[in-house]
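Derivation of every value follows stated rules applied to the coordinates shown; laboratory data play no part. Bear in mind that the values here come from a model prediction, so they are computed numbers and not experimental data. Because the Cβ atoms are built from the backbone with ideal geometry, glycine has one as well, and the counts that use them run over all protein chains shown.
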Amino acid sequence: MDNQYKVVHCTINGKEVSQIVDVRASLTDMLRNDYRLTSVKKGCEVGECGACTVIINGESFNSCIYLAVWAEGKEIWTLEGLTGPGGELSDIQQAFIDEGAIQCGFCSPGFILTSWEIVNSGREYTDDELRKALSGHLCRCTGYENIFRAVKKTMLRRLGKNEEAELVNSQGITEYPDPMPFK
Amino acid sequence: MSNKYIGQAVKRLDARDKAMGRIKYADDLCDKGALIIRVLHSTVANGIVKSIDTTEAEKVPGVVKVFTCFDLKEKHYYPTAGHPWSTDPAHQDIADRLIMTDRPLFYGDDIGAVVAENEVAASQALSILEKAVVYEELPFVLEAQEAMEEDAPLLHEKYPNNVLGHSEVHMGNVEEAIKEPGLTKVEGWYETQPVQHCHIENFICYAYGEGDRTVIVSSTQIPHIVRRVVGQATGMDWGKFRIIKPYIGGGFGNKQDVLYEPLTAWISIQLGGRLVKLDVPREETFICNRIRHAIKYHITSWMRPDGSFAARTFKAWCNNGAYSSHCHAIAAKGLNAFPQLYPCDNFDGETWTVYTNRSVAGAMRGYGMPQASYAFECHTEDCARAMGMDPLEFRRQNLMPVGYYHAFSKNELYSDSFNQCFDKGAEIIGYFDKVEKYKNQTGDIRRGIAVSTYWYNTAVYPIALETSSCRIVMNQDGSVQFQLGETEIGQGADTVAAQMIADTVGIPLDMVHPMSCQDTDITPFGTGVYASRGTYTLGFSIKQTSMLLKEKILEAAHQFTRMPVFNLDIVDGMIIRKTDGRELMTIGELALSKLYTTEGSQHLTAESTYQIKSNAYSFGCCFAEVEVDIPMCRARLLNIVNVHDCGQVINPMLAEGQVHGGQSMGIGYALSEKLMWDTKTGKPLNNNLLDYKMSSFMDHPRLNAAFVENYEPTSAYGTKGLGEPPVCPVAPAIRNAIGQATGIYINELPLSPHTLFREFTEAGLIDDSFAE
Amino acid sequence: MYDIKALYEAESVEHAVQLRQEHPEAQILAGGSDVLVQIREGRRAGCEFISIYMLDELRGVSIDEEENIRIGSLTSFSHITKDPIIQKYINVLGEAVDMVGGPQIRAIGTIGGNTCNGVTSADSASTLMAWDAIIELTGANGVRRVPIKDFYIKAKVVDIKPDEIQTAILIPKASYENCFGHYIKYSMRNALDIATTGCSVNAVLSADKKSFERVRIGYGVAAPIPVRAYTAEEFIKGKEITEENIKKFAETVLEDINPRDSWRAGKALRRHISVVMAERALKECVELAGGEING
């Protein structure tokens, strides 16, 4: 049968846009091909690696397993949208740079977006909650350590806890007073 | 030269672009109109392709062309390893690969390809084509030692018993030495599993015609080597190919092999130079690129009552998969490393690299040493326990002593690196207190702490050529661009190179610009990055080239300042008179004047090659603290500390990043990762990121990296290897810690619940009466 | 780009039912975290699909007039976890679905999809089994309610008629009242994984909190479909809260479960951990309910 197309209206990085898309397209396809937002990366195309993460209506989604037609009416953010009009970086982007949380950079766009969602929540996450909130991304370069630092520091700074933020790097060895049975 | 930038935690130069999402990787650069290639892979583990009926696949709308192994009219066998070429045929890599083959040797071997206008058409055609292949199936073999048996299927006719490489090392006389009375013998089998690199960007390349040549843009670590191999694979002149390497999303050694560049280039040529793209799906990355060798070891040690070694033997069988890739190099590296770590006068060692019908093993971060370190350091722990000695003291007593010299590599241990690393790590993690605290535990939940160590060779001298080339070009404002054959693959090579140039030339770092993307038409020749040599090797050509440039700058400065060159220097972008420190002119004024002068206008540039004829020992250790939930058969890593002596640390932030990455890979290696094949069909079972358990954010504790900086005297900037070493000691440290916690010392990887369940059951640690 | 032959987008539940009748070959696409992956794998390539993802009327958690907890079938895992009704009455369900994959999967994955795919490893399934959930299906003839134990027919096959879609999952008041539950997901890593075996236990204690009034236990990956361990439940009913009884309860689960050997995990390991999980999960329930072991 003939290919099916549909006009999809949505807001991308703060701008209302519309585009005719093939109904078979994933949101990754639409963002990369139709809008040339190439920060959206393809690492597995089955929702395991998190490299294609975008923010849809305030939540992180894997755009590879999200049909483009579902974007209708949604508010979508990609990493390109976090940089200000004059090239100003957001605090979370800057923290990724400052903490050495970027190596090859391929997982970085997705990680930064999920981190942005976390710091935007206004909540103070525990270390374990932070790990869980970031666990939808795989990274082979950093061992996640410096990403953890970047997110935790930015979260604390947003909450006005600058002194605590400065201590994040030196919290090397973790004390576990009690046994932790798996349950 | 003074170190203004060297030793500083300079932020990586590409970090801002990466944080903005505007760095371009191969797929971001490729035109949307590219034709899509999908590879037809063998669905038998060993066989002969009798026929492939392409009729139905060609009918799929959007399909442009279907190629099969039978379309390859000229068979040019080629090697794939990212090794420097040798003009001596005896030292060349084994050429056993074809662009497509009618004699598939593993499940996933390349037997054809589909080219289509879009990915849906390509995948539809591919699934039709998969059913249109007629095979003659042959028996297959998946394990190295089985492949060496007389009746095993033979993969390559030139290699009887499937042995593609064998080497031996003998020292002293083991047979005599073990007659010494009072010796304690410790013997063990140690087995490591196959794993994959899992860089988040899959391998991708695209190719198109330009003039009478083919341009290939590839996610590779080794652009200049790719050009040579594509030439060899197609039977064409090497200069007919131009390779461009953009930013890449990780490599870890997988992209130190030539992967699908020959096929992609060949297809483009068949299609008159049309733009074709091959973006390898993750599932194929796992099994059709390269993997880490599974190696099985047998080690025996005889110890005197004082804990010294009287004699040792070592045997290793290295499962290489279906094609040679890195040939015997990985097995040989382990064998050569063993007698150097804990020297012993009497030693017999032997190792085999064996073809099997599994995915091809190649280079992967650590190059055989994560496997070898596991075997070495499990065994060392077992020896210490057998002698009733403290494992750390036992190591200190037997390790390579200060001043140790290795005649072949000319490596020397210049400093007390091992003990310094141990001392630092033990203090950070609180080793001695915890060792005491964790003794004699009972109960379901127990803790343990342990250490392991390694040595690592920084570069590849004298086994292979070591050469590095650098070009530095000065602009009118005194800023410079530089180019290197050493590629930026995420490790930060561009940044450390810029730091070195800034300090050596004497200009501010923001005036030094890397030309990050290699292009074989433009970039001076270099073999790329592999081993742990980048910072070491590029240092030589950078220092030499920077000094050449500085010489030219000072000569030019003489023209404008009338001062003798020997009285001039460049400090912080300023030409100064050394005698009184007066600032004479800025480097920008100088560059501008020299270019536009009507008397002797000159473009200030320098280029040179340095051939390195040295190598350097790199050292370190890992301390791991674990908690084991015995009934649940789970080990959890609580704390990990790696300490490395990589010489002068050029950039502490980037160095720390290398350690974290290695630790992470080591944690997965120790606890969860294993690529598996169905023994009945030879089919891979878990070639995807869900079933292959690379560690997630929730599987890691905080990672700790520390350094001991003993300046390496052979090195241009005092550095030695760090890229690979951090992964090496992790798995044995975790294994030894689980052993301390439970009394169960396990000699295989990974230490997953499957393994712990079996071992705990056998040891009677868990009551399994009801779980038959 | 997915190999989709045709995509029919439902605009309402009625429209979805109509599309089901018009396109009997078409498969239902909810959040797509399984179905889209299977299209890419080839298992569902080239098929027709009815997308119900845009039906916001099927999202959200409420208490209906019969005091059932009503979970719209398209409610995502992340929204279930965050929902105050879930947190108050059946927090274990929120915890269980908070262990699916990673956060992004939990944002797209729906509880309806998780049950309709008929997979034994679904993290919601053992809890829904253990809480006697009711599946609500809407078809041409209106609404039909099926107890979840009957909804699962065999591996990957559930009781959905050709004209139906699943519209809600209900938890009856009798099920959630005074009941406390705990779920343990046993998997090979702590995120981005499917359960090797999952165990969901809930308990209602006697008024004096000395004995078990009712205990229910459901398993995933202990059989081809999610199952209950009724023999163990019967055993513990009315028993005192003692270490010994809990241990016996845990061992009794082996009467009803039948995990298999696969390359993902051996039968022996699954049986072993099933027992350990039952014990630990029930102990957690006792604690949540304010009881005390050997108290």
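Numbers below:
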read-out: Protection proxy ranking, peptides A:90-96, A:157-163, average beta carbon neighbours within 10 Å, highest first; value: A:90-96, A:157-163
read-out: For chain B: relative contact order, % (alpha-carbon pairs under 8 angstrom, 6 or more apart); value: 16
read-out: Cα-based convex hull, chain C, per residue volume (Å³, whole number); value: 123
read-out: Between the range B:256-282 and the range A:4-60, the Cα center-to-center distance that results, in Å; value: 27
read-out: Fewest-first sequence of B:691, B:572, B:580 by Cβ atoms within 10 Å of each Cβ; value: B:580, B:572, B:691
read-out: Shielding of A:64-72 by partner chains, average beta-carbon count, 10 Å; value: 6
read-out: Per-residue average of Cβ from other chains inside 10 Å of B:199-205; value: 6
read-out: The range C:4-51 - Rg (one decimal) and Dmax (whole number), Cα, Å; value: 10.5, 31
read-out: Ratio Rg/Rh, restricted to the protein assembly as shown and using Cα atoms, in which Rh is the Kirkwood radius; value: 0.97
read-out: Phi-based couplings in Hz for the range B:251-266 (Karplus 6.51, -1.76, 1.60; Gly and Pro marked x); value: x, 6, x, 4, 8, 9, 10, 6, 9, 10, 4, x, 4, 5, 5, 4
read-out: P(r) of the range B:127-256 over all Cα-Cα pairs, binned every 5 Å from zero, in whole percent; value: 2, 7, 9, 9, 9, 13, 16, 13, 7, 5, 4, 3, 2, 1, 0, 0
read-out: Enclosed volume per residue, in Å³, of the convex hull spanned by Cα atoms of the range C:178-288; value: 93
read-out: Whole-number Å³ per residue for the convex hull built on Cα positions in the range B:434-582; value: 219
read-out: Whole-Hz ³J(HN,Hα) from phi, Karplus 6.51 cos²θ - 1.76 cosθ + 1.60, for the range C:170-175, glycine and proline x; value: 10, 10, x, 4, 4, 7
read-out: Dipole axis of chain C (+1 Lys, Arg; -1 Asp, Glu on Cβ), positive-most option in C:140, C:96, C:282; value: C:282
read-out: Neighbouring partner chain Cβ atoms per residue of C:264-277, average, 10 Å criterion; value: 6
read-out: Kyte-Doolittle at least 0.0, axis length at least 15 Å by Cα - qualifying DSSP helices, chain A; value: A:108-120
read-out: Of A:108, A:27, C:293, farthest towards positive along the dipole that unit charges on Lys, Arg, Asp, Glu beta carbons give the protein assembly as shown; value: A:108
read-out: Between the range B:83-131 and the range B:385-436, the alpha-carbon center distance in angstrom; value: 46
read-out: Order of B:50, B:11, B:4 - criterion: other Cβ atoms within 10 Å of each residue's Cβ, fewest first; value: B:50, B:4, B:11
read-out: Relative contact order (percent, whole number), chain C, Cα cutoff 8 Å, 6+ residue spacing; value: 15
read-out: Rg/Rh ratio calculated on Cα atoms of the range A:91-167 (Kirkwood radius); value: 0.92
read-out: Overall form of chain A per C-alpha gyration tensor (a/c, 1.5; a/b vs b/c); value: prolate
read-out: Sorted largest first, extent of chain B alpha carbons per principal axis (Å); value: 93, 73, 48
read-out: Rounded Å value of the spacing that divides the Cα centres of the range B:532-574 and the range C:99-117; value: 61
read-out: For the range B:102-261: relative contact order, % (alpha-carbon pairs under 8 angstrom, 6 or more apart); value: 15
read-out: Distance histogram in 10 Å bins (all Cα pairs of the range B:259-307, percent per bin); value: 19, 26, 18, 11, 10, 9, 6, 1
read-out: Dipole of the protein assembly as shown [Lys/Arg +1, Asp/Glu -1 at C-beta], most positive-end residue of A:177, B:101, C:155; value: B:101
read-out: Sorted by Cβ neighbour density within 10 Å, fewest at the top, the residues B:304, A:32; value: B:304, A:32
read-out: Percentage, to the nearest whole number, of Cα pairs in the range A:5-81 over 14 Å apart; value: 53
read-out: Assigned charges on the beta-carbon of Lys, Arg, Asp, Glu; the range A:91-167 dipole about Cα centre (debye); value: 180
read-out: Summed side-chain charge close to residue B:705 - residues other than residue B:705 whose Cβ falls under 12 Å, Lys, Arg +1, Asp, Glu -1; value: 0
read-out: Net charge, residue B:665 excluded, C-beta distance under 14 Å - Lys, Arg +1, Asp, Glu -1; value: +1
